[in-house]
Structures are given as C-alpha cells and as structure tokens.
Amino acid sequence: IGERAFQECTGLTSVTFPEGLTSIGGGAFNGCTGLTSVTFPEGLISIGEYAFNVCTGLTSVIFPEGLTSIGDFAFRYCTGLVSVTFPERLTSIGQNAFRSCNRLA
C-alpha cells in the first residue's frame with residue numbers, strides 16, 4: 001500500500017488486507033477517523049510512519065506474527081485504542097508510535 005494512499009478517507013470503516021501484502025506505506029491511512037476495524041495479513045513485515053495516525057475509531061489492533069517493524073508515529077492519536085497485541089518477532093517500534101493513545105493500559 002503506497003504512501004498516503006487512503007489519507008483522510010473519513011468514510012472508510014474497515015480494511016482487510018490481502019495475503020501477500022508485506023508493507024503499509026507512510027501515512028497510508030492517516031486521518032481515517034471512521035476506521036474501526038483493521039485485519040492484517042500474516043505476511044505483513046512493516047508498517048510505515050504515520051500509517052494509521054489519527055485513526056480515532058480504532059479500538060483494538062492485533063498484529064500478525066511476521067511483523068517486525070512499526071514506524072514513527074504510526075498509531076499516534078488513536079485515542080480509541082484500548083488493546084494492542086504485539087507479535088514475538090517485532091524488533092522495532094518507532095518513536096512515538098503510540099503517542100496520545102491514552103486509553104492503552
């Protein structure tokens with residue numbers, strides 16, 4: 001998924017990514033405030049910076065086991081997030097990736 005591909009698509013409510021997807025570009029879903037559901041494929045390796053920034057409707061994120069990298073500010077201001085499940089292989093979480101996600105415990 002390219003950089004800023006769906007940026008500010010406020011009417012987008014759910015996304016199920018296809019198998020074979022390995023990366024989500026920077027800002028791809030930045031500002032998609034109506035997004036409430038994201039299903040990541042097992043082959044996903046990286047999520048770019050600002051990819052889901054200000055996706056305030058997201059409440060839960062389960063990352064696939066193959067994910068190794070989450071970019072800077074990737075989920076910043078996702079104020080609805082209450083649950084995140086990280087894979088064991090994750091080696092890099094960028095600066096402020098979950099900044100202002102105040103409901104995360």
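Table for the structure above
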item	result
Count - residues of region 59-78 that are crowded, with 24+ Cβ neighbours inside 10 Å and either within 16 Å of Leu12 (Cα to Cα) or modelled with pLDDT under 95 (or both)	1
Criterion violated by Asn53 - all others in (1) open to solvent by 50 Å² or more (accessible area, probe 1.4 Å); (2) in contact with a Gly (Cβ under 9 Å, 6 or more places away or on another chain); (3) of a type outside the set (Ser, Thr, Tyr) satisfied	(1)
Residue that is least open to solvent (accessible area, probe 1.4 Å), among those in region 84-104 that are more than 21 Å from Pro41 (Cβ to Cβ) and either without any contact (Cβ under 8 Å) to a residue 12 or more places away in the chain or not hydrophobic (A, V, I, L, M, F, W, C) (or both)	Ser100
Condition met for Arg89 (basic (Lys, Arg), within 18 Å of Gly27 (Cα to Cα) and assigned to a loop (DSSP other than H, G, I, E, B))	no
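The values are calculated or read from the model by the stated rules, or taken from the named source; none is laboratory data. Just so it is clear, the model here is predicted, and its values are computed rather than measured. So basically every Cβ, Gly included, is an ideal-geometry build from the backbone, and we count neighbours across all protein chains shown. All accessible areas refer to the heavy atoms of the entire protein, side chains included, with ligands and DNA or RNA removed. Shrake-Rupley method; radii C 1.70, N 1.55, O 1.52, S 1.80 Å.
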